[in-house]
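All of the numbers you see were taken from the coordinates with simple rules; none came from a lab. Values in this document were obtained by computation on a predicted structure and should not be read as measured data. A quick note on method: Cβ atoms are made from the backbone with ideal geometry, for glycine too, and the neighbour counts reach across all protein chains shown.
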Amino acid sequence: MPRAGLGTFAGGDAPGLSFLTVPWIHEHRIAAVASDTWGVEVRPNEIEGAFQPFHIPALVYMGLAIGEMFDLEALAAACAEDGVYEMLVSASPLPFVGTAGGPPGPVAIR
């Protein structure tokens, strides 16, 4: 259900990772994924009656770090300008005790 003031952004259709990408991510030992979308995974969800099915195996069982709503415009422009697409990304969550997640303060060092 969309949050007030966000229209369909938080809950509407969105491009993203398929539930079927989970085995590939595991096999390639991917540590984290980030997206400029609200939920990283494709919406509407591919499994009838499931809400965010990618998150359960990826986040809960694999420990995959998932970054949502990253502002990637400036980074994409910088990469396109100089052709350098490798970087160190640090996105440590804020230290809230007793939570299942917290907002990160991401930094890309190129």
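Things worth noting here:
- Cα→Cβ-extended label distance, 7 Å offset, between ALA91 and ASP36, nm: 1.4 nm
- Cα long-axis angle, helix 73-82 against the chain (0 to 90 degrees, to the nearest 10): 40 degrees
- Per-peptide packing, taken as the mean over residues of other Cβ atoms within 10 Å, places 73-83, 19-29 in the sequence 19-29, 73-83 from highest down.
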